[in-house]
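Q: Please see the structure below; I have some questions.
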Amino acid sequence: MTTAEQSPDIGSEVDSNGNGHPLVVDGLEKHFGGITAVDGATFHVERGSLTGLIGPNGAGKSTTFNLITGFHEPDAGSVTFNGQDVTGWTPFEIANQGMVRTFQIARELGEMTVLENLMLAPQNQRGEELWRSVTPGERGQVKKQEEALLERSWEMLDFFEIDHLWDEYAKNLSGGQRKLLEMARVLMTDPEMVLLDEPLAGVNPTLEKKLMKHVHQLREEGYTFLLVEHDMDIIMENCGHVIVMHQGSVLAEGEPADIKANDQVIDAYLGEDI
């Protein structure tokens, strides 16, 4: 598997070797009526890292995810991806740039099989345009692309160890299997960066370990991850860098050991086990 081709702009947070900060969040704000959900959130994510985003309930984590990936439009601030200002872009446009996300509740196509779910994930397929399928000069290209997508789909099924479920309807999968399918669907879009929104919620311990093993393998291959997860043990044991949000803004960030010893973070969690 290969990551999406990178095209950093001059003056971005990315150097000529593709290093640096693919994601830069600067002063994000979001208000819902009289409620401030995100209040000046500012942070960046290192390329090739697995970064954790944590905070008490209501800290603004999910809203921040929605702002970064285009599901909400910010009232202030900016989101930069590989030097490109993507603030206010649609989710589709941002995904096409190479930054995609998962959801707390998997959004599979229940009436389609696992394999069909994967085959449909990539954007801009030639077969989506009817004229290409009926034009002699184009039919061969359509078939060639479909064969390549089928091969990649089987690679994903094998990688996530759900190849035995290829012909099962997605609606019949367990919660953990749906999370694995969602990860596979995300990777079918050939992203560079993946935002994981509580990927382990409702997942049994066996599948939890399997999913995190896959995340680490993918990170080693060059993918960048931003992970929101309520289980502090998961964050502290797997993430190299942790960002803590509280009341809509960034309270602290650093290595897991530093975060666990931070008095402000401990106070924000009201003594919770972190």
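The values are calculated or read from the model by the stated rules, or taken from the named source; none is laboratory data. Fair warning: this is a prediction, and the values are worked out from it, not measured in the lab. Note: ideal-geometry Cβ built from the backbone for every residue, glycine included; neighbour counts use all protein chains shown. Surface accessibility is based on the protein's heavy atoms, side chains included, excluding ligands, DNA and RNA. Shrake-Rupley method; radii C 1.70, N 1.55, O 1.52, S 1.80 Å.
Q: Give region 25-53 a look and list any residue that's closer than 10 Å to residue 77 by Cα and either aliphatic (A, V, I, L, M) or out of contact with any helix residue (DSSP H, G or I) (no Cβ under 6 Å at 6 or more places or on another chain) (or both), or say none.
A: Keep residues of region 25-53 that are closer than 10 Å to residue 77 by Cα, which gives 25-30, 39-42.
Across region 25-53, the qualifying residues are 25, 26, 27, 28, 29, 39, 40, 41, 42.
Q: Let me ask something additional. Residue check: is residue 121 under 27 Å from residue 184 (Cα atoms) and among the small types (Gly, Ala, Ser)? Can you show your working first?
A: Details: under 27 Å from residue 184 (Cα atoms): yes; among the small types (Gly, Ala, Ser): yes.
Considered against the rule, which asks whether it is under 27 Å from residue 184 (Cα atoms) and among the small types (Gly, Ala, Ser), residue 121 comes out as yes.
Quick grid of which residues meet (1) among the aliphatic types (A, V, I, L, M); (2) in a strand (DSSP E or B); (3) modelled with pLDDT of 95 or more:
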residue: 5; (1), (2), (3): no, no, no
residue: 38; (1), (2), (3): yes, yes, yes
residue: 48; (1), (2), (3): no, no, yes
residue: 51; (1), (2), (3): no, yes, yes
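Q: While we're on this one: Suppose the filter is in contact with a helix residue (DSSP H, G or I) (Cβ under 7 Å, 6 or more places away or on another chain), surrounded by fewer than 21 Cβ atoms within 10 Å (Cβ to Cβ), hydrophobic (A, V, I, L, M, F, W, C) and modelled with pLDDT under 90; does residue 109 pass it?
A: Numbers: in contact with a helix residue (DSSP H, G or I) (Cβ under 7 Å, 6 or more places away or on another chain): yes; surrounded by fewer than 21 Cβ atoms within 10 Å (Cβ to Cβ): yes; hydrophobic (A, V, I, L, M, F, W, C): yes; modelled with pLDDT under 90: yes.
Answer is yes for this residue.
Q: What pairs come out if I take residues in region 95-107 that are at negative phi and outside any helix (DSSP H, G or I) and pair them with residues that are among the basic types (Lys, Arg) and at pLDDT below 90 whose C-beta lies under 6 Å away, six or more apart or interchain?
A: Taking only residues 6 or more apart or on different chains, the pairs are 106/178; 106/179.
Q: Here is a further query. Mind listing whichever residues of region 196-249 are open to solvent by 10 Å² or more (accessible area, probe 1.4 Å), under 15 Å from residue 183 (Cα atoms), touching a residue at least 40 places away in the same chain (Cβ under 8 Å) and among the aliphatic types (A, V, I, L, M)?
A: Within region 196-249, just 201 meets the criteria.
Q: Quick check on my filter: what residues within region 71-81 are at pLDDT below 95 and at positive phi?
A: Those that are at pLDDT below 95 and at positive phi: none in region 71-81.
Q: Looking at (1) modelled with pLDDT of 90 or more; (2) more than 19 Å from residue 226 (Cβ to Cβ), can you tell me which one residue 67 breaks?
A: Answer for residue 67: the failing condition is (2).
Q: Could you check how many residues of region 163-178 are closer than 17 Å to residue 120 by Cα and in contact with a helix residue (DSSP H, G or I) (Cβ under 6 Å, 6 or more places away or on another chain)?
A: We begin by selecting, within region 163-178, every residue closer than 17 Å to residue 120 by Cα; these are 163, 165-171, 178.
If we keep only those that are in contact with a helix residue (DSSP H, G or I) (Cβ under 6 Å, 6 or more places away or on another chain) as well, we get 163, 165-166, 168, 170.
Going through region 163-178 one residue at a time, the tally reaches 5.
Q: A further question follows. One residue is enough: does region 160-167 have a residue meeting the conditions open to solvent by less than 10 Å² (accessible area, probe 1.4 Å) and touching a strand residue (DSSP E or B) at 6+ places or on another chain (Cβ under 7 Å)? Steps first, answer last, please.
A: Pass one, region 160-167, residues open to solvent by less than 10 Å² (accessible area, probe 1.4 Å): 160, 162.
Next, only the ones that are touching a strand residue (DSSP E or B) at 6+ places or on another chain (Cβ under 7 Å) stay: none.
No, every residue in region 160-167 fails to be open to solvent by less than 10 Å² (accessible area, probe 1.4 Å) and touching a strand residue (DSSP E or B) at 6+ places or on another chain (Cβ under 7 Å).
Q: May I ask you to list the residues in region 168-179 that are part of a loop (DSSP other than H, G, I, E, B) and open to solvent by 20 Å² or more (accessible area, probe 1.4 Å)?
A: Within region 168-179, the first condition is being part of a loop (DSSP other than H, G, I, E, B), and the residues that meet it are 168, 173-174.
Listed by number, the residues that qualify are 168, 174.
Q: Given the residues 43, 65, which is the only one that is aromatic (Phe, Trp, Tyr), outside any helix (DSSP H, G or I) and in contact (Cβ under 8 Å) with a residue 40 or more places away in the chain? Lay out the reasoning, then the answer.
A: Details: 65 fails: outside any helix (DSSP H, G or I).
Of 43, 65, the one residue that is aromatic (Phe, Trp, Tyr), outside any helix (DSSP H, G or I) and in contact (Cβ under 8 Å) with a residue 40 or more places away in the chain is 43.
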